[in-house]
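To keep things clear, I will list the structure first and then write my remarks on it.
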Amino acid sequence: MLPLFRQPSALRESLSYQLGFSLFLGLLVTIVVHSQMPDSPVSAYREWADAVICGLTAILVFSGQLSILPFLFGSWFNPDRWTIGRDLLFSSWVFFVVGVVNSLMLVYLGWMQFQWSGFFWQQFLQLAWGLPPISLMVVWRNQKYAALNMAWSKQIEQKIEEQGSLALGPGPELLRLQAAQTPLGLPAAEKREGAKLLVFHQGAAKGIFLEDILALYSQKGELEIYWAEAGQLAYIKVQMRLKETQEALAQQTILHRVHRFYWANLARVTSTESNARHILLFLPQLPQTIPVSKSYRKAVQDYFEMD
């Protein structure tokens, strides 16, 4: 069971899932609250109206949790670290908070006095009726996303085989290139012309050919650049904000933005992997994979001429 909980989840940023969850939660709370109302001479219309008020309140509580908690606990709610286990923990927390709010709502609307036995029974009903279907939906949706991403990943690898890659070999093989050989199949540096990315590091300016760059990572005012130099991986970190990086790369077509924080040279992709959250690109010698997020897939589709 633990491996399942640790699997990446794509639902943290899925608006369709969040909308479905909120509607299901509102309906569930409406039914549970109505079942908890004691017999009274009040009309059925009033009973259902108050139950619907509690259901709408549950939707507002869920929306508030979805807005406030990621702001307070940004690291835990990081979409790139989100797992099925965190989905289920967050769902359980939402059910608990909604149960507390609805118990107070029933007291406020005059349907009952607050009693611990009633409070715990309401919590139990919401978890018993709500968590199993939510858990099944979380697992099913992620398996669906994982299957789609796997099919998409295979299409990319087929295109790589058809078009070829500028990389000469996987990872460590590049380290064995002789100094006389041309790094990564590019023209010799002294005879080359082409666009460069100009960066300033330790008071000096450095121009890096865009063709040589494997990937860029930009976050928190810093830009990490990985490029090929003399057959080996070179790396530099400079102070450059995300907006400045976007402006610097706006007019070129070699590096493609594939994620909020990543740009990749798609001509150098050697292979791919996938999970429910991302398609992962492998580039020669890079110590990490490059994720392709849903928002930036079109750039990859256009480059590889995928349907």
> Given (1) at pLDDT below 65; (2) open to solvent by 60 Å² or more (accessible area, probe 1.4 Å), where does Pro183 come up short, assuming only one miss?
Replying inline: (2)
>> Need the failing condition index for Gln246 against (1) surrounded by fewer than 14 Cβ atoms within 10 Å (Cβ to Cβ); (2) under 17 Å from Lys196 (Cβ atoms); (3) not charged (D, E, K, R), just the number.
In response: (2)
> Hey, does region 259-277 have a residue that's touching a residue at least 40 places away in the same chain (Cβ under 8 Å), closer than 23 Å to Glu161 by Cα, in contact with a Ser or Thr (Cβ under 8 Å, 6 or more places away or on another chain) and part of a helix (DSSP H, G or I)?
Replying inline: yes
>> Give me the residue from region 270-307 that is closer than 17 Å to Arg257 by Cα and among the hydroxyl-bearing types (Ser, Thr, Tyr) and, out of that set, surrounded by the most Cβ atoms within 10 Å (Cβ to Cβ).
In response: Thr272
> Are any residues in region 140-156 without any contact (Cβ under 8 Å) to a residue 24 or more places away in the chain and among the β-branched types (Val, Ile, Thr), and if so, which ones?
Replying inline: none
> In region 246-258, what count of residues is obtained for those that are under 15 Å from Ile213 (Cβ atoms) and part of a helix (DSSP H, G or I)?
Replying inline: 1
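Filtering region 71-93 down to residues that are among the small types (Gly, Ala, Ser) and assigned to a helix (DSSP H, G or I), which residue is nearest to Phe261 (Cα to Cα)? Give the steps one after another, and end with the answer.
Filtering region 71-93 down to residues among the small types (Gly, Ala, Ser) leaves 74-75, 85, 91-92.
Subset that is assigned to a helix (DSSP H, G or I): 85, 91-92.
On the way: Gly85: 25, Ser91: 28, Ser92: 31 Å.
Top of the filtered list is Gly85.
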> Does Gln7 satisfy the criteria of being polar (S, T, N, Q) and at pLDDT below 85?
Replying inline: no
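Counting just the residues of region 113-143 that are part of a helix (DSSP H, G or I) and open to solvent by 100 Å² or more (accessible area, probe 1.4 Å), which one comes out farthest from Ser9 (Cα to Cα)? Outline the logic, then answer.
Here is the first cut: in region 113-143, the residues part of a helix (DSSP H, G or I) are 116-143.
Among the residues that remain, those that are also open to solvent by 100 Å² or more (accessible area, probe 1.4 Å) are: 116, 120-121, 124, 129, 136, 140.
On the way: Trp116: 36, Phe120: 30, Trp121: 31, Phe124: 26, Trp129: 23, Leu136: 13, Trp140: 11 Å.
Going through the qualifying residues, I end up with Trp116.
The values are calculated or read from the model by the stated rules, or taken from the named source; none is laboratory data. Only a predicted model underlies this, so the values are computations on that prediction, with no experimental measurement involved. In this analysis, Cβ positions are derived from the backbone assuming ideal geometry, glycine residues included, and neighbour counts consider all displayed protein chains. What goes into the accessible areas is simple: the full protein's heavy atoms, side chains included, and nothing from ligands, DNA or RNA. Shrake-Rupley method; radii C 1.70, N 1.55, O 1.52, S 1.80 Å.
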